[in-house]
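This report refers to the structure that appears directly beneath it.
Nothing in this text is a laboratory measurement; each read-out follows from the coordinates by a stated rule. Fair warning: this is a prediction, and the values are worked out from it, not measured in the lab. We place every Cβ from the backbone using ideal geometry, glycine too, and count neighbours over all the protein chains shown.
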Ligand code: SF4
Ligand code: SF4
């Protein structure tokens, strides 16, 4: 993998130059929180961001979009007007989240809408320092080796930049003059010291070892009833989780004109109607069943299927759930902790 160096005072000039390739997005403060916002004004960029409200998945599977339009004779997929985008500031754990979504939408169930957006979205990673809700070291998602185009490692007054794809290489060449190619031994030493320091900053450990077995043994545990009694079925955990892939489809039809469109929107298995089928039967009527399914997907089914948990330790569920149901509290409850 190619490694370059970019002085920090050149970052904005570099991001500005990328507009020739596409729209530029990055972390922007909104109240007390952060979002990935469009950087029409680069002074809005805030590289101190810890986690955004919605994850980077919003660019690849937007919360609501049109999949195709149709009339009585034909349909037309909405794949042509997807813009090129550059998203700067994506943390390593979130890049792992994209790799998990790739498993679903590029390998297992090839999805042209996700695939086209993935191809047209350049991912520019940025290293980070954890807070008390982040446990990416437990999930081994605190470093990245793939899934990005460029990855910026923050070393005081400069970034060590990993080039992770041919698109990343093209993006570097837009302003190659801003980068230094001569990486010295002291830079690598600096990076290793930073790694060791950063790793020592993880305070929260959520041990996911043997979770498929623990989930199986706890299938009928009263823990699920206790969690179900608390859960509000708001679905916020699904909206903010970088690895939740569920969506719903609905047709908007204009009968008088014989035309229509098919919209795709985010969905959540925490919603009561998620497993409601024709005839009125609901496979997961009880909240306890829905909470159990959410955690079965993350901590059992995905591990069994793909060899790793569908949790990247980002801490968004910890930050978001109004009644303190999250990976940390659920794993603790299942393991008999208080
Ligand atoms: S389950 Fe929670 S910590 Fe894990 S990826 Fe989803 S939001 Fe992040
Ligand atoms: S677990 Fe929390 S965030 Fe998720 S649906 Fe229940 S109350 Fe809402």
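Sorting the segments 52-59, 203-210 by their residues' average number of neighbouring beta-carbon atoms within 10 angstrom, most packed first, yields 52-59, 203-210.
Rounded, prolate or oblate: which fits the range 240-289 when a ≥ b ≥ c are the square roots of the eigenvalues of the alpha-carbon gyration tensor, with rounded for a/c under 1.5 and prolate only if a/b beats b/c? Mind dumping the intermediate values first?
Numbers: a/c = 4.80, a/b = 1.60, b/c = 3.01.
Taking the square roots of the gyration eigenvalues as a ≥ b ≥ c, the range 240-289 is oblate.
Annotation for the range 249-286 versus the range 140-177: alpha-carbon center distance of 41 Å. Return the single residue from 80, 23, 285 with maximal mean-square fluctuation; model: Gaussian network over the chain, springs between Cα atoms under 10 Å. Per the Cα network of the chain with a 10 Å cutoff, 80 tops the list. Between 64, 76, 298, where does the largest GNM mean-square fluctuation fall for the chain, given springs only between Cα atoms within less than 10 Å? Ranking 64, 76, 298 by mean-square fluctuation puts 76 first.
When 88, 65 are arranged by Cβ crowding within 10 Å, least crowded first, meaning fewest neighbours, the order is 65, 88.
Arranged from fewest to most other beta-carbon atoms within 10 Å of their beta carbon, 220, 238 become 220, 238. The share of C-alpha pairs in the range 26-152 whose separation exceeds 20 Å stands at 49 percent.
Once the Cα gyration tensor of the range 150-291 is diagonalised, what are the square roots of 5 times its eigenvalues, in whole Å and ordered largest first, as equivalent ellipsoid semi-axes?
The answer is 46, 30, 11 Å, longest axis first.
Treating each Cα of the range 211-334 as one equal point scatterer and applying the Debye formula with no solvent, the log10 of I(q)/I(0) at q = 0.10, 0.16, 0.18 Å⁻¹ comes out as -0.36, -0.81, -0.99. The range 27-69 and the range 1-19 have Cα centres spaced 20 Å apart.
How large is the helix-only mean residue ellipticity at 222 nm for the chain, computed as the sum of -39500 (n - 2.57) over DSSP H runs with n ≥ 4, divided by its residue count, in deg cm²/dmol to the nearest 500?
It lands at -8000 deg cm²/dmol.
Comparing 230, 189, 133 in a Gaussian network model of the chain (Cα springs below 10 Å), the most mobile by mean-square fluctuation is 189.
Using a 10 Å cut-off around each Cβ, can you sort 41, 324, 111 from fewest to most neighbouring Cβ atoms? Mind dumping the intermediate values first?
Numbers: 41 9, 324 12, 111 20.
Fewest-to-most ranking of 41, 324, 111: 41, 324, 111.
Using the Cα gyration tensor of the chain, with a ≥ b ≥ c the square roots of its eigenvalues, what is the shape: rounded (a/c below 1.5), prolate (a/b larger than b/c) or oblate (neither)? Here the chain falls in the oblate category.
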